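Following: one structure in C-alpha cells, then a few remarks.
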Amino acid sequence: MPVFVKFTSFARSQLCTYLLRSERTIPRTGSVISLPSFTLFNGHSIIKDDGSGHAWDTEAYSRAEVERVARLAGFLARGRGETKVWSLDKVMTETFSKEFPDLTVEHQLIDSAAIIMVKNPRGLNGVASVIPGSIGLLPSASLSSIPDGKGKCNGIYELIHGSAPDIASKGIVNPIGTILSVAMMLRYSLNLPKEAKAVEDAVRNVIDGGLRTKDMGGSFGTKEAGEKIVEELVKVLKA
C-alpha cells in the first residue's frame, strides 16, 4: 500500500551564489525567500467572475504566515553577517524591529526591484546582486521551520528550475544546483554547517579553476563535472 507523509513547508529559500569570476566587486552569496506553499501555488486563491467579462484573483495571507517568512529571512541574514534585508512584497517591519533589531529592513516593489537588478546589481545588497550566469547553478530549500538547530527542520531540497526532458539522458545537465542543494540540506536539516561549507567550497574551487558545463559555455558533461567536484571535496575535507 502507498504511504503518504504529510509535509508542510512555509517558505522557499533560493540560494543565489555568484560563482563565476567577474571584474565587478559584488557580494558572492545571498538568499531570496519566497512563500511557495499556499494561495496560488496550491490553488487556494479566490477567483471571481461576475459575468461582465472581468475577473479578479484574490490571494489570502495571514499575519502569522507573513511573520514566519520574515523570521526565516532575518535568521538567515543574521547568520551570514548581513545588516540589511529587502522586502519585495509584504511589510514586515514589526517582526524585524522586535526580533532582529540589528537588521535594517528596506522595502521595494517587485517591478522596480527587477529594474535595479539589471541597472545596478549591487543595489539590492546580498539578495539580487549575485547574478550567477546559469539557473543550473542555483539550489533551493522549501523549509518547514526555522533552521536554528533547536528542533527538527524538514525541507525539500532541489535546484530552482523544473525538469528538462529535451536534454534527458544526454549527460549534459549541470549538476551543480543539485549538489549545492545537498549543501543546503546539510546546513538546514542535518545541522552540519562545516560539511555544508566544504561542499560549497569544493564547487567554488572547481569553477574558479575553470570548470564549465555546456550551459555555462564549456564542455564538461554531468558525470565529468560531478567527478571533478567530488575530487575537490575530498581535498577540502582533508585540508
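The values are calculated or read from the model by the stated rules, or taken from the named source; none is laboratory data. Source: prediction; values computed, not measured. We place every Cβ from the backbone using ideal geometry, glycine too, and count neighbours over all the protein chains shown.
When region 166-186 is filtered for residues that are closer than 22 Å to Glu227 by Cα and not in a loop (DSSP other than H, G, I, E, B), the ones remaining, listed by number, are Ile167, Ile176, Gly177, Thr178, Ile179, Leu180, Ser181, Val182, Ala183, Met184, Met185, Leu186. Among the residues of region 187-198, those that are outside any loop (DSSP other than H, G, I, E, B) and not aliphatic (A, V, I, L, M) comprise Arg187, Tyr188, Pro193, Lys194, Glu195, Lys197. Of the residues Gly218, Gly226, Gly162, the single one that is out of contact with any helix residue (DSSP H, G or I) (no Cβ under 8 Å at 6 or more places or on another chain) and surrounded by 13 or more Cβ atoms within 10 Å (Cβ to Cβ) is Gly218.
Criterion applied to Ser181, Ser134, Ser189 was being of a type in the set (Ser, Thr, Tyr), free of Cβ contacts under 8 Å to residues at least 60 places away in the same chain and surrounded by fewer than 20 Cβ atoms within 10 Å (Cβ to Cβ), and the one residue passing it is Ser189. Pairing residues of region 85-105 that are assigned to a helix (DSSP H, G or I) with residues that are modelled with pLDDT of 85 or more, at Cβ distances under 8 Å and at least 6 apart in sequence or on separate chains, gives Thr95/Arg71; Thr95/Gly74; Phe96/Gly74; Phe96/Leu103; Glu99/Arg71; Glu99/Gly74.
No other residue among Ser163, Ser142 is in a strand (DSSP E or B) and polar (S, T, N, Q) apart from Ser142. Residue pairs whose Cβ atoms lie under 6 Å apart, separated by 6 or more positions or on different chains, with the first residue in region 208-220 and closer than 17 Å to Ile167 by Cα and the second surrounded by 17 or more Cβ atoms within 10 Å (Cβ to Cβ) and polar (S, T, N, Q), are Thr213/Asn174; Asp215/Ser134; Asp215/Asn174; Met216/Ser134; Phe220/Thr213. Any chance you could count how many residues in region 217-239 are in a helix (DSSP H, G or I), of a type in the set (A, V, I, L, M, F, W, C) and farther than 19 Å from Ser140 by Cβ? So the count comes out to 6.
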